[in-house]
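One structure is given here, and the rest of the page talks about it.
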Amino acid sequence: MSFDLATRLAERRAANLYRQRPLLESPQGPLVQVDGRELLAFCSNDYLGLANHPEVIAAMRAGAEKWGVGGGASHLVIGHSTPHHQLEEALAEFTGRPRALLFSTGYMANLAVVTALVGQGDSVLQDRLNHASLLDAGLLSGARFSRYLHNDAVSLANRLRKASGNCLVVSDGVFSMDGDLADLPALCAEARARDAWVMVDDAHGFGPLGATGGGIVEHFGLGPDDVQVLVGTLGKAFGTAGAFVAGSEELIETLIQFARPYIYTTSQPPAVACATLKSLELLRSEGWRREHLNQLIARFRAGAAEIGLSLMDSPTPIQPILVGDSARALKLSALLKERGLLVGAIRPPTVPVGGARLRVTLSAAHSEEQVELLLEALAECWPQVQEHD
Ligand SMILES: *Cc1c(COP(=O)(O)O)cnc(C)c1O
């Protein structure tokens, strides 16, 4: 009659699913200090190299001098400060939508949107591989919850036919563990035919994708009539923290009035918004970051194909190497670490059973030489995880 935590933990360890947190002793960057060692890292989501950018740091410092540290209260009480408001206006302009609403995390933004838009009697249709926060949001909403086959517009259409009430179709823009793009033109067409709304969480698309970093909707040239609810997170390519929802005046007002994860939480520190204003400016204007990143992606994919690695169909900085078995994925990660490279093994339940992988992520801060080092190490280590089982 008590919590048998020890058994649960032991079982997880035995299944090669035990998680550990590497201790980072340096800022984000290609070269990091982890657990007392200097390593070349390919596992951060800081895709454009802005998390430790001197101008972003200076903006945060100046923001703290001017606005202090704490947000103080929720946005609806006395926590909505000038930098938050300026950032919302800049994000609305950036996304070409009437308004944007700032959140402290992407997880909260997703919970907020889904629970505010659908409830009992409604339907929420999600890609099976959507981010955990979207799946959790669907369950919490109380709406009828249906998961369609990954990126499959036909599967979506079949489910839309059985849906009732208001229908919300929800997809990652770039799938976070696979790196592939949502087939938004096809998915949006099905949704529109059924008067459903589309919500896209483009946490990994903003920054790397689109001519000005506007993400998957810019990449495909889709507007607010195709994607009514656009979510972006600020902790990845923006290099700071938080998230936003962009959409119509009515959508944003609905969130402010009804979204509990928006209402009942303290606003993010205003200085973080100051930093994000600067990183947004760099993300939009410094196209060379995207160009360099795309060159690294092309080089990595070509090199990986030569070695015979199983890559996924990804044009993005997320370049997972599919291993399958969790123990083998851990072993490959450990072999790379012996050679001074840090690449995380991603295992179930983050990915499907049998889908363990090394999630390689590239950043504009990496050099071509660093990508060559990774390829050389993979060429040595990959055969070793093939032979021993
Ligand atoms: C990281 C991520 C989130 C969560 O954003 P946080 O700001 O880190 O809470 C949501 N959706 C996707 C697709 C993500 O990759």
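The values are calculated or read from the model by the stated rules, or taken from the named source; none is laboratory data. The structure displayed is predicted, hence computed values, not measured ones. Neighbour counts are summed over all protein chains in view; Cβ atoms, including those assigned to glycine, are modelled from backbone coordinates with ideal geometry.
Miscellaneous remarks
- Scanning the stretch 164-203 for residues that are among the β-branched types (Val, Ile, Thr) and within 14 Å of the chain's Cα centre (by Cα) yields Val174, Val200.
- Selection from the stretch 215-237 of residues that are more than 10 Å from the ligand (Cβ to nearest atom), in contact with a Phe, Trp or Tyr (Cβ under 7 Å, 6 or more places away or on another chain) and not polar (S, T, N, Q): Gly215, Val229, Ala237
- Consider the stretch 179-195 and keep the residues that are more than 18 Å from Leu129 (Cβ to Cβ) and not hydrophobic (A, V, I, L, M, F, W, C). The one that is nearest to the ligand (Cβ to nearest atom) is Pro185.
- Within the stretch 122-141, being in contact with a Gly (Cβ under 7 Å, 6 or more places away or on another chain) and either within 14 Å of the ligand (Cβ to nearest atom) or without any contact (Cβ under 8 Å) to a residue 24 or more places away in the chain (or both) holds for Gln126, Ser133.
- Scanning the stretch 161-178 for residues that are more than 11 Å from the ligand (Cβ to nearest atom) and small (Gly, Ala, Ser) yields Ala163, Ser164, Gly165.
- One residue from Ala62, Ala92, Ala73 being at pLDDT 95 or above and within 21 Å of the chain's Cα centre (by Cα): Ala92
- For the stretch 14-55, the tally of residues that are among the acidic types (Asp, Glu), without any contact (Cβ under 8 Å) to a residue 60 or more places away in the chain and assigned to a helix (DSSP H, G or I) stands at 0.
- Only one of the listed residues (Thr82, Thr105) is within 30 Å of Val351 (Cβ to Cβ) and of a type in the set (Val, Ile, Thr). That residue is Thr105.
- Failed criterion for Thr212 (all others in (1) in contact with a helix residue (DSSP H, G or I) (Cβ under 8 Å, 6 or more places away or on another chain); (2) in contact (Cβ under 8 Å) with a residue 60 or more places away in the chain; (3) within 16 Å of the ligand (Cβ to nearest atom) hold): (3)
- Residue check for Tyr107: within 20 Å of Ala137 (Cα to Cα) and either within 16 Å of the ligand (Cβ to nearest atom) or among the basic types (Lys, Arg) (or both): yes
- Test result for Ile297, outside the structural domain of Leu332 (by TED's automatic domain parsing), out of contact with any Phe, Trp or Tyr (no Cβ under 6 Å at 6 or more places or on another chain) and surrounded by fewer than 21 Cβ atoms within 10 Å (Cβ to Cβ): no
- Hey, Gly119 more than 11 Å from the ligand (Cβ to nearest atom) and surrounded by fewer than 21 Cβ atoms within 10 Å (Cβ to Cβ) or not: yes
- Check on Leu149, of a type in the set (A, V, I, L, M, F, W, C), within 16 Å of the ligand (Cβ to nearest atom), in the same structural domain as Ala59 (by TED's automatic domain parsing) and touching a residue at least 12 places away in the same chain (Cβ under 8 Å): no
- Residues in the stretch 264-287 that are assigned to a loop (DSSP other than H, G, I, E, B) and surrounded by 24 or more Cβ atoms within 10 Å (Cβ to Cβ): Ser267, Gln268, Pro269.
- Residue count for the stretch 73-95, restricted to those that are farther than 19 Å from Thr254 by Cα and surrounded by fewer than 16 Cβ atoms within 10 Å (Cβ to Cβ): 5.
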